[in-house]
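The values are calculated or read from the model by the stated rules, or taken from the named source; none is laboratory data. Predicted model, so just to flag it, every value in this text is computed and none were measured. Note that we place each Cβ from the backbone using ideal geometry, even for glycine, and neighbour counts take in every protein chain shown. The area values use the complete protein model at the heavy-atom level, side chains included, leaving out ligands, DNA and RNA. Shrake-Rupley method; radii C 1.70, N 1.55, O 1.52, S 1.80 Å.
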Amino acid sequence: MSEALVIGGGPAGLMAAEAMAVAGVRVTVAEGKPSVGRKLLMAGKSGLNLTKDEPFETFLAAYGNRAGALRPMLAAFGPDQVRAWVEGLGQPLFTGTTGRVFPRAMKASPLLRAWLARLEGLEVKIRTRWRWTGWDGGAVLFDTPEGARTLTPAVTVLACGGASWARLGSDGAWTAHIGQEVAPFRPANMGFDVAWSPHMASHLGKPVKGVALRAGGTVSRGEFVISATGVEGGGIYEVSAALRDGASLVLDLMPDLAADQISARLARARPGDSLMNRLRKALRLDPVKVALVMEFARSAPDLATALKALPVPLADSRPMDQAISTAGGLRFETLDDALMLRARPGTFAAGEMLDWEAPTGGYLLTACLATGFWAGRHAADRVIRC
């Protein structure tokens, strides 16, 4: 019998395993896929943004209405602790101009290898292709390559992920076994469809930089990309929750100038200049911004106003399985302060399966690690007390 079981081999699960093993608890990690850390490796393809260097209260605010619930976890294992932990694994870091923190290797594989080596040194057992199928009283049931298996751990940490990128393991199937009220999953940090006209074809794949994106009361100064289906990228992801919930997308194409300053520059244009030439010559807009104006504000009565508040009509969001993360999941009301299920003492939960969301920028991975650490530490305390 293992003293502790972790179901799910993503960042939250592996961190829970590490926290328990460091406390002297024997741990088994059960992962349904052929290997662990698959979504972490996918995230690493775009640089692996580990966390963000900014004041704690600013960092915490990124979690919106779940900031209060996550505060103790992030206070115990927040940005400072994430950096120290990664460096302790022998992975040097650097901080970008926006405060985002990355490994110098700019990928996840060296970090994951070092982490798995540490877990091996702590005698953590990792079982892959072990698919959790539910409970039978106090026993935990699995389908494995060797057939059905049953474990009876002293404590269990669930770290089963959300419901995006199902092929990497986060398929939300755990909701059938949990026996708890689960907030419906919704896509988060996703792109949106736009019905581009044919003249946008030459701009597909191009980044849009130096803009401000507004959706309701949410503002982003991040860049985004014009894709074949619509818009995506960091700037869109920062406002995606508001867009998903019904807000309209409005772009400020010249956020560092006031409308009257733009009008003054336009007034200096040659009288015979076409709209496109006025945008290029008088305002020095790059081709992508010019294309957006021509797409959505060609007939605007007040060009300066249109440039400061360019509406971009969106269709649907991209499918949930294409989202970077999801909102929804196991409600915090079903958990105690230790992230233990109130209805199942000895079973804890962590990571994206909890009902929280945050934009990209280091917030997602930090909260997964923080909740994994918190659940693992409290699960270890329970084993030791018993």
The range 331-343 - phi-based ³J(HN,Hα) in whole Hz, Karplus 6.51/-1.76/1.60, Gly and Pro as x: 5, 4, 5, 8, 10, 8, 5, 8, 6, 8, 5, 4, 7
Accessible area of Tyr363 in the full protein assembly, 1.4 Å probe (Å², nearest 10): 20 Å²
Long-range amide H partners of Ala327 with built H, under 5 Å: Arg186, Ala188
About the Cα centre, charge dipole magnitude for the range 139-206 (Lys/Arg +1, Asp/Glu -1 at Cβ), debye: 220 debye
Given charges at Cβ of Lys, Arg, Asp, Glu: the chain dipole, positive-most of Met353, Thr133, Cys368: Cys368
Of Trp130, Trp85, Trp356, the one that fluctuates the most in a GNM where the chain has Cα springs shorter than 10 Å: Trp85
q = 0.15, 0.20, 0.22 Å⁻¹: log10 I(q)/I(0) that the Debye formula gives for the range 280-386, counting C-alpha atoms only: -0.76, -1.03, -1.12
Max mean-square fluctuation residue, GNM over the chain, Cα-Cα springs under 10 Å, options Gly37, Gly234, Gly217: Gly217
Candidates per trypsin sites (Lys or Arg not before Pro) in the range 1-91, loop by DSSP, up to 12 other Cβ within 10 Å: Lys45
Gyration tensor (alpha-carbon) shape descriptor, the chain, a/c threshold 1.5: prolate
For the range 93-105, Karplus couplings with θ = phi - 60° (6.51, -1.76, 1.60), whole Hz, Gly/Pro x: 10, 9, 10, x, 5, 8, x, 6, 10, 10, x, 4, 5
DSSP beta bridges in the chain [antiparallel fraction, %, rounded to 5]: 70 percent
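Averaging sequence separations of C-alpha pairs under 8 Å and six or more residues apart, then dividing by the length of the chain, give the relative contact order as a whole percent.
Details: 822 pairs, mean separation 97.6, N = 386.
Relative contact order for the chain comes out at 25 percent.
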Most positive-pole-ward Cα, Leu112, Gly44, Phe77, against dipole of the range 1-155 from beta carbon charges: Gly44
Spacing of the two label points (7 Å from each Cα toward its C-beta) at Thr95 and Ala117, in nm: 2.7 nm
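What's the local net charge at Gly172, with K and R +1, D and E -1, over the other residues with C-beta under 11 Å away?
-3
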Per-residue SASA entry for Thr58, accessible area with 1.4 Å probe, Å² rounded to 10: 70 Å²
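Over the range 23-72, what per residue volume does the convex hull of the Cα atoms give, in whole Å³?
Here the figure is 174 Å³ per residue.
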Net charge dipole size for the range 229-362 [Lys, Arg +1 and Asp, Glu -1 on Cβ; Debye, nearest 20]: 900 debye
Rounded to the nearest 10 Å², the accessible area of Glu181 at probe 1.4 Å: 120 Å²
Helix-derived mean residue ellipticity, 222 nm - over the chain, DSSP H n ≥ 4, -39500 (n - 2.57), to 500: -9000 deg cm²/dmol
Point-to-point label distance, Ile384-Ser197, nm (Cα→Cβ direction, 7 Å offset): 6.7 nm
Selected from Leu307, Gly121, Ala267, residue furthest toward positive end of dipole (the chain; charges at beta carbon): Ala267
Protein accessible area in the range 248-381, 1.4 Å probe - carbon and sulfur %: 51 percent
Alpha-carbon centroids, the range 226-280 and the range 365-386: separation in whole Å: 46 Å
Test item: Cα-centred dipole of the range 277-330, Lys/Arg +1 and Asp/Glu -1 on Cβ, debye: 460 debye
Most mobile listed residue (Ala215, Ala282, Ala188) in the chain, GNM with C-alpha springs under 10 Å: Ala282
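What shape does the range 120-259 have by the C-alpha gyration tensor, where a ≥ b ≥ c are the square roots of the eigenvalues, rounded means a/c under 1.5, and otherwise prolate means a/b greater than b/c and oblate the rest?
prolate
Too long at a 19 Å Cα-Cα cut-off: which of Lys206/Lys281; Lys39/Lys107; Lys209/Lys308; Lys52/Lys209?
Details: Lys206/Lys281 21 Å; Lys39/Lys107 12 Å; Lys209/Lys308 15 Å; Lys52/Lys209 21 Å.
Beyond 19 Å between Cα atoms: Lys206/Lys281; Lys52/Lys209.
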Distant-in-sequence amide H partners of Thr51 (H built 1.01 Å from N, under 5 Å): Val101
Estimated FRET transfer efficiency (Thr58, Glu146; beta-carbon r; R0 41 Å; 0.05): 0.25
Kyte-Doolittle mean at least -1.0, axial Cα span of 24 Å or more - DSSP H helices of the chain: 363-385
Sequence of His177, His199 from largest to smallest accessible area, 1.4 Å probe: His199, His177
Gyration tensor verdict on the range 216-274 (Cα atoms; rounded if a/c is under 1.5, prolate if a/b is larger than b/c, oblate otherwise): prolate
Carbon/sulfur fraction of accessible area - the range 94-227, other protein chains in place, 1.4 Å, %: 51 percent
Accessible area per residue in Å² at 1.4 Å probe, computed on the range 111-230: 48 Å²
Cβ-defined net charge surrounding Ala228, 14 Å radius [Lys, Arg +1; Asp, Glu -1]: 0
